[in-house]
1. Would you please classify the overall shape of segment 56-132 from the alpha carbon gyration tensor, given that a ≥ b ≥ c denote the square roots of the eigenvalues, rounded means a/c under 1.5, and beyond that prolate means a/b larger than b/c while oblate covers the rest?
2. Put +1 on the Cβ of each Lys and Arg and -1 on the Cβ of each Asp and Glu in the chain; which of 92, 57, 120 then has its Cα farthest toward the positive end of the dipole?
3. Against the longest alpha carbon principal axis of the chain, how many degrees, from 0 to 90 and to the nearest 10, is the axis of helix 3-46 turned?
4. Does anyone have the angle between helix 48-85 and the longest principal axis of the chain? Alpha-carbon axes, 0 to 90°, nearest 10?
5. At a 1.4 Å probe radius, carbon and sulfur cover how many percent of the accessible area of the chain?
6. Taking 0.36 nm per residue of separation and subtracting the Cα-Cα distance, what length does fully extending residue 19 through residue 116 add?
7. For residue 94, which sequence-distant residues (separation of 5 or more, or a different chain) have an amide H within less than 5 Å of its own amide H, given hydrogens modelled in the peptide plane?
8. Hey, can you grab everything whose amide H is under 5 Å from the amide H of residue 120? Only 5+ residues off in sequence or another chain; H modelled, so Pro and N-termini drop out.
Amino acid sequence: MSTAQHSTDEYGDQEAGEQRVQAAVRRRARTRAFAEAEGIISAVLSDPGVREARERMEAAETDMGMELCARLQAFQDRYDQAVAVGEADGLVGICGGKHGRWGRICVLPDGHETTMEEPHWGHTSEGRPIAWVGSAPDDW
């Protein structure tokens, strides 16, 4: 092997090693940032005022869900039937609004917020009617 090629191989090995170190440093920084953020979020969520506000919001969502139940239950029934028999056509056009973490899936037609002027509506994972504003991803 020539001296030039040997030098090139060493340079390539050194560069690959530096890239591995940089990647490890980035992973470590990301892990620390996530851990710090989780600690801050936990502290905020455990604050008595935040807990009280969340409880009031959940109570309001439950009350509103019950109030809308008589008018919107047919949408839940259609959704339940489509899921029970595996009817994909019955699920097309359903609103994408959901709060996956809390087991909420909106059963109203897509665009209902403007066409029907209704909030998201469905049932909780416990089967209680609930209405809410906004949406969140499944892993939130």
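1. prolate
2. Positive-end residue among those listed: 57.
3. 30 degrees
4. 70 degrees
5. The nonpolar share, carbon plus sulfur, comes to 55 percent.
6. Working: separation 97, 0.36 × 97 = 34.92 nm, distance 5.48 nm.
Full extension from residue 19 to residue 116 adds 29.4 nm.
7. 110
8. The answer is 132, 134.
The values are calculated or read from the model by the stated rules, or taken from the named source; none is laboratory data. Owing to the predicted nature of the structure, the values given are computational and were not obtained by experimental measurement. Positions of Cβ are backbone-derived with ideal geometry, glycine not excepted, and every protein chain shown enters the neighbour counts. Note: accessible area is taken over every heavy atom of the protein model, side chains too, but ligands, DNA and RNA are not part of it. Shrake-Rupley method; radii C 1.70, N 1.55, O 1.52, S 1.80 Å.
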